[in-house]
1. Might you let me know whether the range 127-135 holds any residue that is more than 21 Å from the chain's Cα centre (by Cα) and under 24 Å from Phe97 (Cβ atoms)?
2. Report whether or not Val124 is in contact (Cβ under 8 Å) with a residue 60 or more places away in the chain, of a type in the set (Val, Ile, Thr) and not assigned by TED's automatic domain parsing to the domain that holds Gln24.
3. Checking the condition surrounded by 17 or more Cβ atoms within 10 Å (Cβ to Cβ) and of a type outside the set (Gly, Ala, Ser), which residue from Gln128, Gln186 passes?
4. For the range 115-127, check the following and say yes or no: at least one residue is of a type in the set (S, T, N, Q) and out of contact with any Gly (no Cβ under 7 Å at 6 or more places or on another chain).
5. Considering only the range 129-188, how many residues are assigned to a loop (DSSP other than H, G, I, E, B), small (Gly, Ala, Ser) and within 16 Å of Glu118 (Cβ to Cβ)?
6. Quick check on this structure: which one of Trp149, Trp95 is surrounded by 17 or more Cβ atoms within 10 Å (Cβ to Cβ) and touching a residue at least 24 places away in the same chain (Cβ under 8 Å)?
7. Would you call Gln167 in the same structural domain as Glu34 (by TED's automatic domain parsing), surrounded by fewer than 12 Cβ atoms within 10 Å (Cβ to Cβ) and not aliphatic (A, V, I, L, M)?
8. Would you confirm whether or not the range 108-116 contains a residue that is at negative phi, part of a loop (DSSP other than H, G, I, E, B), touching a residue at least 12 places away in the same chain (Cβ under 8 Å) and buried (at least 17 other Cβ atoms within 10 Å of the Cβ)?
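The values are calculated or read from the model by the stated rules, or taken from the named source; none is laboratory data. Everything numeric in this text was worked out from a predicted model, so none of it was measured. Here Cβ is always computed from backbone atoms with ideal geometry, including for glycine, and neighbour counts include all displayed protein chains.
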Amino acid sequence: MPRLYNPANKRFPDVRLDIVLTDQVVDLIGEGCELGIRLGNLAASTLMARPIGSIEQILVASSEYLIRRGVPESPVELAEHPCIVYGGGSRWTRWEFESESGRHVVDVGGPAHINDPEAMYELVCAHQGIALIPDWVIGDDIKTGRVQWLLQDYYPLAQRVSVVYPQTRFLSLRARSFIDFILAEQRQTR
């Protein structure tokens with residue numbers, strides 16, 4: 001995602017944001033929000049959705065964990081490992097991977113369901129299990145050996161990122177400008 005706030009950035013000096021961060025699906029109209037940013041596949045609704053990007057994930061574990069529990073050789077083996085799962089709902093306990101041999105789906109579980117990728121990653125680094133972590137959280141830790149990248153021939157499905165807004169409401173110039181800004185920043189980072 002583009003960096004929206006930077007005190008040294010003079011590009012948009014008059015912009016003021018009212019940001020609400022939650023993993024709950026918010027009733028945009030009821031909460032008085034002009035738009036929202038949602039991850040994953042969207043449920044059917046009356047909202048308009050515009051894709052703005054995706055989040056790539058990497059399956060990782062610490063070396064100490066792997067020495068103790070073994071290295072999984074295929075996605076199906078993940079069901080036998082404690083996995084650190086994002087969020088609290090069942091939609092996050094089904095991990096899907098693509099490979100040359102097709103799609104692989106496995107139901108996982110483990111010691112923690114956490115709605116924060118950085119906290120999930122700290123549990124991985126504390127040798128508590130395996131997790132799908134956004135690549136931006138991991139940084140250079142694979143190169144430094146802090147964690148190991150697992151099942152590299154299997155690709156976790158990217159999480160779609162969409163901006164959503166009510167279709168029954170006039171989209172304000174500020175909301176439209178915000179969407180255009182995000183899309184322009186995404187094009188520049190590609």
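1. Going through the range 127-135, the residues more than 21 Å from the chain's Cα centre (by Cα) turn out to be 127.
Now drop any that are not under 24 Å from Phe97 (Cβ atoms), which leaves 127.
The answer is yes; a qualifying residue exists.
2. On the way: in contact (Cβ under 8 Å) with a residue 60 or more places away in the chain: yes; of a type in the set (Val, Ile, Thr): yes; not assigned by TED's automatic domain parsing to the domain that holds Gln24: yes.
Considered against the rule, which asks whether it is in contact (Cβ under 8 Å) with a residue 60 or more places away in the chain, of a type in the set (Val, Ile, Thr) and not assigned by TED's automatic domain parsing to the domain that holds Gln24, Val124 comes out as yes.
3. Working: Gln186 fails: surrounded by 17 or more Cβ atoms within 10 Å (Cβ to Cβ).
None of the other options fit; the residue is Gln128.
4. No: the range 115-127 contains no residue that is of a type in the set (S, T, N, Q) and out of contact with any Gly (no Cβ under 7 Å at 6 or more places or on another chain).
5. Here is the first cut: in the range 129-188, the ones assigned to a loop (DSSP other than H, G, I, E, B) are 129, 139-140, 145-147, 150-154, 157-158, 167-172.
Still in the running and small (Gly, Ala, Ser): 129, 139, 145, 158, 172.
Those still in the list that are within 16 Å of Glu118 (Cβ to Cβ) too: 129, 139.
Of the residues in the range 129-188, 2 are assigned to a loop (DSSP other than H, G, I, E, B), small (Gly, Ala, Ser) and within 16 Å of Glu118 (Cβ to Cβ).
6. Working: Trp149 fails: surrounded by 17 or more Cβ atoms within 10 Å (Cβ to Cβ).
Among Trp149, Trp95, only Trp95 is surrounded by 17 or more Cβ atoms within 10 Å (Cβ to Cβ) and touching a residue at least 24 places away in the same chain (Cβ under 8 Å).
7. Values: in the same structural domain as Glu34 (by TED's automatic domain parsing): yes; surrounded by fewer than 12 Cβ atoms within 10 Å (Cβ to Cβ): yes; not aliphatic (A, V, I, L, M): yes.
Against the criterion (in the same structural domain as Glu34 (by TED's automatic domain parsing), surrounded by fewer than 12 Cβ atoms within 10 Å (Cβ to Cβ) and not aliphatic (A, V, I, L, M)), Gln167 qualifies.
8. Checked the range 108-116: at least one residue is at negative phi, part of a loop (DSSP other than H, G, I, E, B), touching a residue at least 12 places away in the same chain (Cβ under 8 Å) and buried (at least 17 other Cβ atoms within 10 Å of the Cβ).
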